[in-house]
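Beneath this line is the structure, given in structure tokens, with notes to follow.
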Amino acid sequence: MRLSLHTDYALRTLMYLAAERKRSSIQDIASFFEISRDHLAKVVRRLSQEGYIRTVRGVGGGIELAQNSEDINLGELIDRFEGSLHLLDCVAVDGVCRIQPNCKLKDVFAEAERIQREYLGQHTLSDLIPSGTKLVELKTDAAN
């Protein structure tokens, strides 16, 4: 499985907000991770639409978690942002391969996908935040 940049930025944004435990700006997060502010703005819009964050306009505004980090399931978030994560088309669609009716590869990949979904579904955003550690403490200088 390879997640899209959109999903990557969504996870980073949620991790940042959960670790910092305060209202932040798109610019704060983009600067922290050294990522595109414009792309992040699109991700934040989607996170807001999905109910993961809330946006506050005006002076003192910004973005903040709309749910407790313990309630944000990684498997559900990834499903919402990625949609289908099938390793091969044959896992989800019949008739895409001449040997599909007798091929065991489909079964192996279907089981791998099931295990992956189950594993991600067992974790929440709070599992990604080291206890007692600020995210900034995890950041290293790229020059080192």
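Any read-out appearing in this document is the output of simple, stated calculations on the displayed coordinates, not a laboratory observation. Small disclaimer: the values here were computed from a predicted structure and weren't measured.
Divide the volume of the convex hull of the Cα atoms of region 35-90 by its number of residues and quote the answer in cubic angstrom per residue.
About 119 Å³ per residue, rounded to a whole number.
Output the Cα-based Rg and Dmax of region 1-69 in Å, rounding Rg to one decimal and Dmax to a whole number.
Both quantities, over Cα of region 1-69: 11.2, 41 Å.
Read through the labelled values (1) 38, 20, 10; (2) 22, 18, 15; (3) 35, 16, 15 and report the label of the one computed as semi-axes √(5λ) of the Cα gyration tensor in Å from the structure.
(3)
Starting from one equal scatterer on each C-alpha and no solvent at all, send me the Debye-based log10 I(q)/I(0) for region 73-123 at q = 0.26, 0.30 Å⁻¹, two decimals.
-0.95, -1.11
Name the residues whose placed amide hydrogens come within less than 5 Å of the amide hydrogen of residue 55, ignoring near sequence neighbours (fewer than 5 apart) on the same chain.
none
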